[in-house]
Amino acid sequence: MLKKRLKAEQAQSNVCADIAGFDFNDYDAHDIDEVRHYWLTYGVLRFKNTRITDADQVAFSRNFGEFVIHPKQLQEGGHPTHPEILVISNATQDGKPTGAMGNSEATWHTDTWFYERPPAGAILRAVKIPPSGGDTYFLSTYMAYETLPAALRKLVDGRQIFFQNVYDKTGKLRLGKTEPTSKDFREWSGMVHPLVRTHGETGRKALYLGGTADKAWIVGMPLDESEALLAELWDHTTNEQEVFVQQWEEGDIMMWDNRCTMHRRDSFDPASIRIMHRTTTSGERPI
Ligand SMILES: [Fe+2]
């Protein structure tokens, strides 16, 4: 039994806990075990008002697994001195973006769902925050699965889902991909994952919807039935679940488990600047 030094307090909803008492400049293996324990318990953790450097963030993140390089880190979202960091920003320099994502809304998703091994964790730190907008929302996909009506649960258990990985959600070709020749997206390059995944560490089951119902297919199901079922599952997950809303302040860190949560963010005024630094850790192949 882990002897508790830190304090985890449920924040707003049971999707997230605020962690108090963690010193990013002075921690040991016991403290990390405790953070991991809360991370696995809640799915999302918040550390308020940290005043840490990029190097501190990288050092802290290293305790939670190998780093994953997000495709945007190889493009506009690269950090000048810390290759482990993804820069999410709408700032520009000499007319060129200095980070990924701009100021637009990001709809509900789990990170890089179209990878063979999507990341386990993400650690996101607010460097610069606009006066309004840019809030981030989280929900639990454990709860989405556990609250499914029995009839729906029967339809999803044991099923697999195909995600195309040629285009991103805005319709842009992903890095290294070429225009497909077939009109049927099910023949495109993509990834198949279980629709209900079992978390590699907690053993709990979570609904796995990826990032969009568009051009996703429940393998083996007639396409119209698959589309109708996916619409129902998305509605259940994103409209009926408890949601945690993070209204950022500079220095806040959100740390989420990408295997059992989804998130989205609001847009914000493009005339204001929002800069976030993210580190991402590797996960298991969904089973
Ligand atoms: Fe994301």
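Any residue at all in region 84-96 that's part of a loop (DSSP other than H, G, I, E, B) and touching a His at 6+ places or on another chain (Cβ under 8 Å)? Within region 84-96 (the criterion being part of a loop (DSSP other than H, G, I, E, B) and touching a His at 6+ places or on another chain (Cβ under 8 Å)), the answer is yes, since at least one residue qualifies. Can you tell me which residue within region 240-265, out of those that are at pLDDT 95 or above and surrounded by fewer than 18 Cβ atoms within 10 Å (Cβ to Cβ), is nearest to the ligand (Cβ to nearest atom)? Top of the filtered list is 264. Screening residue 26 on (1) free of Cβ contacts under 8 Å to residues at least 24 places away in the same chain; (2) not in a loop (DSSP other than H, G, I, E, B) shows it passes everything except condition (2). So, of the residues in region 115-170 that are closer than 16 Å to residue 263 by Cα and in a loop (DSSP other than H, G, I, E, B), which turns out to be most open to solvent (accessible area, probe 1.4 Å)? The selected residue is 169. Among residues of region 73-93 being open to solvent by 10 Å² or more (accessible area, probe 1.4 Å) and among the hydroxyl-bearing types (Ser, Thr, Tyr), the one that is farthest from the ligand (Cβ to nearest atom) is 81. Tell me, please, whether a residue that is away from the ligand (no atom under 12 Å from the Cβ), at pLDDT below 90, surrounded by 13 or more Cβ atoms within 10 Å (Cβ to Cβ) and over 17 Å from the mean Cα position of the chain (by Cα) can be found in region 94-102. Yes, that holds for at least one residue. Within region 241-249, not a single residue is out of contact with any Gly (no Cβ under 7 Å at 6 or more places or on another chain) and at positive phi.
Looking only at residues that are closer than 15 Å to residue 206 by Cα and of a type in the set (Val, Ile, Thr) in region 34-51, which one is surrounded by the most Cβ atoms within 10 Å (Cβ to Cβ)? The qualifying residue surrounded by the most Cβ atoms within 10 Å (Cβ to Cβ) is 44.
Each residue in region 103-116 was checked for being away from the ligand (no atom under 13 Å from the Cβ) and in contact with a Phe, Trp or Tyr (Cβ under 7 Å, 6 or more places away or on another chain), and 1 of them qualify. For residue 201, the criteria (1) within 16 Å of the ligand (Cβ to nearest atom); (2) open to solvent by 70 Å² or more (accessible area, probe 1.4 Å) hold in every case but one, which is (1). Is there a residue in region 49-65 that is free of Cβ contacts under 8 Å to residues at least 24 places away in the same chain and either farther than 30 Å from residue 116 by Cβ or assigned to a loop (DSSP other than H, G, I, E, B) (or both)? Among the residues of region 49-65, at least one is free of Cβ contacts under 8 Å to residues at least 24 places away in the same chain and either farther than 30 Å from residue 116 by Cβ or assigned to a loop (DSSP other than H, G, I, E, B) (or both), which makes the answer yes. Mind checking whether some residue in region 5-15 is part of a loop (DSSP other than H, G, I, E, B) and either open to solvent by 20 Å² or more (accessible area, probe 1.4 Å) or in contact with a Leu (Cβ under 6 Å, 6 or more places away or on another chain) (or both)? Scanning region 5-15, I find at least one residue that is part of a loop (DSSP other than H, G, I, E, B) and either open to solvent by 20 Å² or more (accessible area, probe 1.4 Å) or in contact with a Leu (Cβ under 6 Å, 6 or more places away or on another chain) (or both), so the answer is yes.
The values are calculated or read from the model by the stated rules, or taken from the named source; none is laboratory data. This is a predicted model, so every value here is computed, not measured. Note that each Cβ is placed from the backbone with ideal geometry, even for glycine, and that neighbours are counted across all protein chains shown. To get the accessible areas, we keep the full protein, side chains included, count just its heavy atoms, and leave off ligands, DNA and RNA. Shrake-Rupley method; radii C 1.70, N 1.55, O 1.52, S 1.80 Å.
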